[in-house]
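Encoded as structure tokens, the structure appears first; notes follow it.
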Amino acid sequence: MPANKKYLSQSRGQRIAKFTAGFIGGYLVAMSFHLAVAAWFHTVNVVITSTFSAFLLWAGLMIVAYLGKNGWKMWGWYLLATAIFLGIMYLGIS
């Protein structure tokens, strides 16, 4: 059964924004989260764990990007989360 047209994004820009937010932005958030955790805890253990958990987090963030109504807002949220995690990483290193 095909999807109901009223629930699909009509704008090509929104579809591209959601796809790139999920694919690229989700990856940035997942990696920055694991870098922040690695800065505060034993790095070797985090790297070993992140081989599996980073992929799961990235897949979840790709799904979340499509749940939002506006792809540009999802980009904003993902960039904000990435900046926060990188700030936490910076505080943990110094």
Determine whether region 1-13 contains at least one residue that is of a type outside the set (D, E, K, R), crowded, with 16+ Cβ neighbours inside 10 Å and at pLDDT 90 or above.
no
Looking at (1) surrounded by 12 or more Cβ atoms within 10 Å (Cβ to Cβ); (2) among the hydrophobic types (A, V, I, L, M, F, W, C); (3) touching a residue at least 40 places away in the same chain (Cβ under 8 Å), which is the one condition that is false for residue 63?
(1)
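Tell me, please, whether a residue that is over 11 Å from the mean Cα position of the chain (by Cα), hydroxyl-bearing (Ser, Thr, Tyr), surrounded by 14 or more Cβ atoms within 10 Å (Cβ to Cβ) and in a helix (DSSP H, G or I) can be found in region 32-52. Steps first, answer last, please.
Narrowing region 32-52 to residues over 11 Å from the mean Cα position of the chain (by Cα): 34-52.
Checking the rest, the ones that are also hydroxyl-bearing (Ser, Thr, Tyr) come to 43, 49-51.
Next, only the ones that are surrounded by 14 or more Cβ atoms within 10 Å (Cβ to Cβ) stay: 49-50.
Right, trim to in a helix (DSSP H, G or I) and you get 49-50.
Looking for residues that are over 11 Å from the mean Cα position of the chain (by Cα), hydroxyl-bearing (Ser, Thr, Tyr), surrounded by 14 or more Cβ atoms within 10 Å (Cβ to Cβ) and in a helix (DSSP H, G or I), one finds at least one in region 32-52, hence yes.
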Qualifying residue in region 23-31 (condition: of a type in the set (Ser, Thr, Tyr) and at pLDDT below 90)
no
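The values are calculated or read from the model by the stated rules, or taken from the named source; none is laboratory data. Only a predicted model underlies this, so the values are computations on that prediction, with no experimental measurement involved. Ideal geometry is used to build each Cβ from the backbone, glycine not excepted, and the neighbour counts take in all protein chains shown.
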